[in-house]
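The structure appears right after this line, and notes come after that.
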Amino acid sequence: MTSQTFPATRLRRNRFDDATRRLVAEHSLSADDLIWPIFIREGSGTSEIATMPGVLRAGLEGLAGHVEGAARLRIPAIALFPVTPPEKKDAAGTEALNPENLMCRAARLLKREFPDIVLLGDVALDPYTDHGHDGVLEDDYVANDASVDILVRQAVNQAEAGIDIISPSDMMDGRIGAIRSGLDQSGFVNTRLMSYAAKYASAFYGPFRDAIGSSGALRGSKKTYQMDPANSDEALREVAMDIAEGADMVMVKPGMPYLDIIRRVKERFAMPVFAYQVSGEYAMIAAAARNGWLDEDKAMLESLMAFKRAGCSGVLTYYAVRAAKLLEARK
Ligand code: PBG
């Protein structure tokens, strides 16, 4: 190795002009890297989410129109999040098992209209429980095994409706293995599993809970199942178990505050790793931009590139459509 010393070496040379910068770029971002999470509600029209400016809840009747742009931009995947009417919520999250629930009707509609887009179905009970937890309660504790039994049935219900990638976000122990065998027994051997493998108990989910209407309901915190932000080795154990149980892809959530976890997971397991740039991360950029404090497009694209650099195969981001549009315009 030649010694890299100044003045023979000037690292600024490779930054001299745009063409050279493009030639030496180590990572790139394209629409192929994006998964778009969308909120679905009953009826027609859209409604705004106060804490996520620029993000809408789309009524089922207008859903095809809402998704058309994403399809045209060749965004490969959409993640569905239903806003369950309060009268359909109960302690056991029964609506999650209804083949006619909002998620299933939306999945059937989207598979028919946009067969080339893969659909992610969030598996967890919080959109359906009146207490806002991801599982069922026994003595105010989220019971692991009883919750897993329901989650398996929820996953099969979603697969039957056409969901391509089951994404368990509940953080119960053993759910990946149980869901894999439940899917296989029902003949869904090719339904993929993207586990929210390392999901932290985070303040950054606040706006999402507003969006699906679970924030007012949530009793206590999710700290007995979601991870402690102080831990990193534990994330590797979570990921190892999910892979052993049959996860095809793993996710780290939230995104930006946990880039170190993404990097460790990628280096250790060499698996497809995804990040969820969650609602609070979106809200921070969107709010700063609305105050004129940040350039929203530049800040957002930079944040997405950071995920690629950290080792992600792709990112779930509320900015997916906006990012894909900008990337297309640059071509
Ligand atoms: C719930 C779920 C949450 C998110 C996705 N699935 C919230 C939570 O765990 O309370 C958060 C997504 C976001 O904040 O954008 N199972």
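The values are calculated or read from the model by the stated rules, or taken from the named source; none is laboratory data. Keep in mind the model is a prediction, meaning the values are calculated, not measured. Here Cβ is always computed from backbone atoms with ideal geometry, including for glycine, and neighbour counts include all displayed protein chains. Remember, those area values only see protein heavy atoms, side chains included, never the ligands or the DNA or RNA. Shrake-Rupley method; radii C 1.70, N 1.55, O 1.52, S 1.80 Å.
For (1) out of contact with any helix residue (DSSP H, G or I) (no Cβ under 7 Å at 6 or more places or on another chain); (2) closer than 17 Å to P82 by Cβ, each residue gets a yes or a no:
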{"site": "A143", "(1), (2)": "yes, no"}
{"site": "F188", "(1), (2)": "no, no"}
{"site": "L193", "(1), (2)": "no, no"}
{"site": "A217", "(1), (2)": "yes, yes"}
{"site": "M227", "(1), (2)": "no, no"}
{"site": "S232", "(1), (2)": "no, no"}
{"site": "M241", "(1), (2)": "yes, no"}
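Consider L236 carefully, then state whether it is in contact with a Lys or Arg (Cβ under 7 Å, 6 or more places away or on another chain), touching a residue at least 12 places away in the same chain (Cβ under 8 Å) and either away from the ligand (no atom under 12 Å from the Cβ) or assigned to a helix (DSSP H, G or I) (or both). Yes; evaluated as a whole, the condition is true for this residue. Of everything listed in (1) open to solvent by 10 Å² or more (accessible area, probe 1.4 Å); (2) assigned to a helix (DSSP H, G or I), the single unmet condition for D122 is (2).
If you check S202, S169 for being over 21 Å from M249 (Cα atoms) and open to solvent by less than 20 Å² (accessible area, probe 1.4 Å), only one passes: S202. Scanning segment 56-74 for residues that are touching a residue at least 40 places away in the same chain (Cβ under 8 Å), touching a strand residue (DSSP E or B) at 6+ places or on another chain (Cβ under 7 Å) and open to solvent by 10 Å² or more (accessible area, probe 1.4 Å) turns up R57, L60. Where strands (runs of 3 or more DSSP E) fall wholly inside segment 8-93, the ranges with 3 or more residues that are among the β-branched types (V, I, T) are 34-41. State whether the residues of segment 260-280 include one that is surrounded by fewer than 22 Cβ atoms within 10 Å (Cβ to Cβ) and within 11 Å of the ligand (Cβ to nearest atom). The answer is yes, given that some residue of segment 260-280 is surrounded by fewer than 22 Cβ atoms within 10 Å (Cβ to Cβ) and within 11 Å of the ligand (Cβ to nearest atom). Being under 20 Å from I166 (Cα atoms) and in contact with a Pro (Cβ under 8 Å, 6 or more places away or on another chain) is the filter here, so list the residues in segment 189-204 that pass it. Across segment 189-204, the qualifying residues are L193, S195, Y196, Y200.
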